[in-house]
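The values are calculated or read from the model by the stated rules, or taken from the named source; none is laboratory data. All values reported here derive from a predicted model rather than from experimental measurement. No Cβ is skipped: glycine too gets one built from the backbone with ideal geometry, and neighbour counts run over all protein chains shown.
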Amino acid sequence: MKKLWMLCALVWMSVAAFAQDPHPISGINMLKNSRWPSTADGRTIINVSWENPGASDAQQRQWVKDAVLSTWGRATNIVFTGWDAATPSTQGIRIRIDPYGHPHCKGLGTALDGKEDGMVLNFSFLGSFKCPIDNQDCIKFIAVHEFGHALGLAHEHNRADCLCNEKPQGSDGDFYVTPCDLSSVMNYCNPKWGNHGQLSANDLVGIQVIYGKPGGGTTPSVTQLKEIRFIPCTIDVADKARTLKQLVSSSSAIRAASFTMEDKPVPAKVADKFTVPVTIRYFHPNDEVKANGVKKLLVAQGYQNGTINVENMVPVMGSTIPDYIEVWTKANTGSTGGGTAGRNAIDEIRMIPCESDARDLLKLVRQAIEGSADFSVKAYSEETQAVPQRAIDRLPADLTIRFFHPADEAKAYALKRLFATHGYPNDEMSVENMVPRISKVYPGYFEIWHK
């Protein structure tokens, strides 16, 4: 058994029972740079063609088209056009019908644009891949799944936060629009095969975040910049600046050639000029809208509007700098709001033991929190499913504290400091910001993983 780092100090404390209800989950797993581009009116138009259509498979091709249009097409601002025979110069999604092949895509999203045999579908299942259900349903369900890949979605079960024992397959995403979704059409661990060809509630939410809702002009505009520089005023807010950097750089609405971080100390006379925790500076008159776009993103992710300023630096500049923005951070000296005065108010802490002996260690973790006057926790819960080895391997430390709302970063580090006072080595703990991986934030919710 691994070290019982608080046992002596806390052995007298009683051990309460863990709540067994699983925390609500949802999800979609996206490769961010694979998104198909939008037109000026906000629509995304994708041409679809067949490499080898024949009269004998006309009905099956119609099933594919109907399944795609009734799911991804109906849910989003995407227009699927064509559906005719491909030529050597045809762009978009090109589908090969292979009666012996395993259905698959040769990439995600725009990686398929114009790629010959970019998607392979099977209508007859004569090879090693056998359909476990009715052929018509099988063709439709597989089409919905493969077109998810064609829109840029990776397998949901590939994610580190998915408690799924299926081996990862295919390309990985780099942008978790929401937490893991067992019901996703992209999840091999879904108890419904292919989710019966229907988008889950969170497939729907996630794909609309990426491509917009039906109806022209719903796709959010993308802010394009050369550089966004993140500058912590003092060393104690460096982690906060890194969190902001991760959040902004992971957004599909903000794109920059580079996201940089200032590592030099800021003079006190400069830091003292900032009156709020976050100040966004722009240096060209055309970039005011872009700076406010960054502010809008932060507010959407849970930052209070009154804690962010947008500052025009043009009047004090000798020359302007286009497409460049600075994000300055300083300590928040005001109230964090909510909870018991002087305490860190937390709605739920979910304990996730990666191995059987970690359960005892997490009981001691809970006892340390309950014995502290600095924390007020409404509920504790424990993960009862086995954690896949690949999820364990991706954890950055033996004990990992995850937070899911930007305002909760300070509380996560307060938990880390608490555990350090009980003897847990600092270099064996890590705080992990999950905000850049999800589109819906969860204030007051924390996970503590132990391996």
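Here is how the numbers come out for the structure above:
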read-out	value
Given (1) exposed (fewer than 15 other Cβ atoms within 10 Å of the Cβ); (2) outside any helix (DSSP H, G or I); (3) at pLDDT 90 or above, index of the condition S89 fails	(3)
Yes/no for Q389 being in contact (Cβ under 8 Å) with a residue 24 or more places away in the chain and not acidic (D, E)	no
Boolean, Q208 is among the polar types (S, T, N, Q), at pLDDT 80 or above and under 18 Å from I139 (Cα atoms)	no
The listed residue being surrounded by fewer than 19 Cβ atoms within 10 Å (Cβ to Cβ), in contact with a helix residue (DSSP H, G or I) (Cβ under 8 Å, 6 or more places away or on another chain) and modelled with pLDDT of 90 or more, out of W72, W83	W83
Filter result (small (G, A, S) and assigned to a loop (DSSP other than H, G, I, E, B)) within segment 117-152	G118, S124, G127, S128, G152
In segment 276-306, the residues that are touching a residue at least 12 places away in the same chain (Cβ under 8 Å) and among the basic types (K, R)	R281, K290, K295
Some residue of segment 408-431 being within 26 Å of V278 (Cβ to Cβ), in contact with a Lys or Arg (Cβ under 8 Å, 6 or more places away or on another chain) and not small (G, A, S)	yes
Checklist (1) assigned to a loop (DSSP other than H, G, I, E, B); (2) closer than 24 Å to A201 by Cβ applied to P37, failing item	(2)
Contacts under 8 angstrom Cβ, first residue in segment 91-119 being in contact (Cβ under 8 Å) with a residue 60 or more places away in the chain, partner among the hydroxyl-bearing types (S, T, Y), 6 or more apart	G107/S34; G107/S171; L108/S34; L108/S171; G109/S34; T110/S34; A111/S34
